[in-house]
Amino acid sequence: MQKRHLLNLITGAALAVCGLAHAQDNAFKIALILPMTGPFASTGKQIEAAAKLYMAQNGDTVAGKKVQLIVKDDAGTPDTTKRLAQEMVVNDKVNVLAGFGLTPLALATAPIATQSKTPLVVMAAATSSITQASPFIVRTSFTLPQAAVGIADWAPNNGIKKVVSLVSDYGPGIDAEKYFKDRFTFNGGQVVETLRVPLRNPDFAPFLQKVRDAKPDAIFTFVPSGAGAALMKQFAERGLDKAGIKLIGTGDVTDDDILNGMGDVALGVVTSHHYSASHKSAVNQKFVEAFQKANNNLRPNFMAVGGYDGMRVIYEALKATKGAGGGEALLAAMKGQIFESPRGPMFIDAQTRDVVHNIYIRKVEKVNGQLYNQEFDTIKDVKDPGKSK
Ligand code: DHB
């Protein structure tokens, strides 16, 4: 009797293990690691919402696999991002690492992708060099050099010759400063001062006072998604707009998530970027409507599009490998994908694993009482200028 009991137990355990193995075989796990709390929580919220929308629209069974999205909050802390990625690779056997709301978070995690041969899809971070940190990184966001050269070409043809640059003091800000300055100077403009503001708890006031004293035609700025509201407020409070100083930048500063709350001080601000919620295409209209419907009327920003397109790249790679491939096969199927994104045409350059897309010049205007970045010029198929060196 006892022997039989033992046998039953063993059989039960074996089945449980088999069942587990089977469940694992049939599951395709995506670790989505994002800042869901802290100062960069809007990036996490936008990307999570977009990834869930993509799954709702495209189903959660792909090539016979059940897609599981595992969302984790790293609070914007690199050590946490890395630890979460390691745990999920080792314990959960995730197939893909995704998210990465800030450059330091992506860079901290790159070695995990390399060591475990797990594709890492960067949906937000935008320093040029990130894709070089691991051969397993694919990017669906954008790069700062891509975005910055657009406005550096536009400005000198539009009465802006003397500029002070003001950027967040870390990877993407330093990229923005460098690529703006090089191109703007090449175009005959002059950057008279380059100011860098701390990433954490920035106080823009003393920097804006310096800008005021330098009396430039414009301030060129990069701040990460979400920080633009404080900058714009202090810009107005210090009277820079009244002093006739314009504000230009990459589109991070007039982020669609916060633009409408900025008020009239944002009107007329010209930026260059790869996405505006008011981009005119059927694909984008459908995306914006569905996103707002699913998220209590929240307007999607460029982070949401990076997340949505990242999911597309993962789904199509899974389809192409018929659900059978490991990390290397998936990675190969991500390279070279070409499709129409809500941002416009987009492809993943197979050589660099980085995104190639249009950069639009946009001006903040009021449309039906709401502020939008209205695109008025297009630079087609822009590769990351940071990769040509
Ligand atoms: C990065 C973060 C942002 O919020 C942004 O708008 C651009 C770049 C980054 O950390 O790479």
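Quick rundown of the values:
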{"item": "Lysines whose Cα lies under 16 Å from that of Lys215, excluding same-chain neighbours fewer than 8 positions away", "result": "Lys161, Lys162, Lys242, Lys246"}
{"item": "Footprinting exposure proxy for Phe302, Phe376, Phe28 (fewest neighbouring C-beta atoms within 10 Å first)", "result": "Phe376, Phe28, Phe302"}
{"item": "Placed amide H near Gln68: partners under 5 Å, 5+ positions off or other chain", "result": "Phe28, Lys29, Ile30"}
{"item": "Derived scalar couplings ³J(HN,Hα) [the stretch 81-98; Karplus, 6.51 cos²θ - 1.76 cosθ + 1.60; whole Hz; x for Gly, Pro]", "result": "4, 5, 5, 4, 4, 4, 4, 6, 5, 6, 8, 8, 6, 5, 8, 9, 9, 8"}
{"item": "Order of Leu267, Leu69 under a 10 Å beta carbon neighbour criterion, fewest first", "result": "Leu267, Leu69"}
{"item": "Residue order, fewest to most beta carbons within 10 Å, for Tyr315, Tyr275", "result": "Tyr315, Tyr275"}
{"item": "For the stretch 144-255: rounded, prolate or oblate by the Cα gyration tensor [a/c cutoff 1.5]", "result": "oblate"}
{"item": "Cα gyration tensor, the chain - rounded (a/c under 1.5), prolate or oblate", "result": "prolate"}
{"item": "The chain: most fluctuating residue of Pro119, Pro35, Pro135 per GNM, C-alpha cutoff 10 Å", "result": "Pro135"}
{"item": "Antiparallel %, DSSP beta bridges [both residues in the chain], to 5", "result": "40 percent"}
{"item": "Estimated dipole of the stretch 207-354 in Debye, rounded to 20 [Cβ of Lys and Arg +1, of Asp and Glu -1, Cα centre]", "result": "80 debye"}
{"item": "Per-residue HN-Hα couplings for the stretch 216-228 [Karplus 6.51, -1.76, 1.60; θ = phi - 60°; Hz; x = Gly/Pro]", "result": "x, 5, 7, 9, 9, 9, 10, 9, x, 3, x, 7, x"}
{"item": "Amide H within-cut-off set for Ser341, under 5 Å, with H built and near neighbours excluded", "result": "Met346"}
{"item": "Folded to 0 to 90 degrees: helix 144-154 orientation relative to the chain principal axis, Cα", "result": "30 degrees"}
{"item": "Anisotropy class of the stretch 270-389 from Cα gyration tensor, a/c 1.5 cut", "result": "oblate"}
{"item": "Nearest-ten-degree value, helix 282-294 long axis tilted from longest Cα axis of the chain", "result": "70 degrees"}
{"item": "Cross-link partners of Lys66 among lysines (Cα-Cα below 17 Å; sequence separation of 8 or more within a chain)", "result": "Lys29, Lys52, Lys93, Lys319, Lys322"}
{"item": "Inter-part distance where the stretch 331-377 and the stretch 135-170 are each reduced to a Cα centre, Å", "result": "15 Å"}
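The numbers here are math on the coordinates, done by the rules we state, and not lab data. Quick caveat, the model's predicted, so the values are computed rather than measured. Cβ coordinates were reconstructed from backbone atoms using ideal geometry, including for glycine residues, and neighbour counts include every protein chain displayed.
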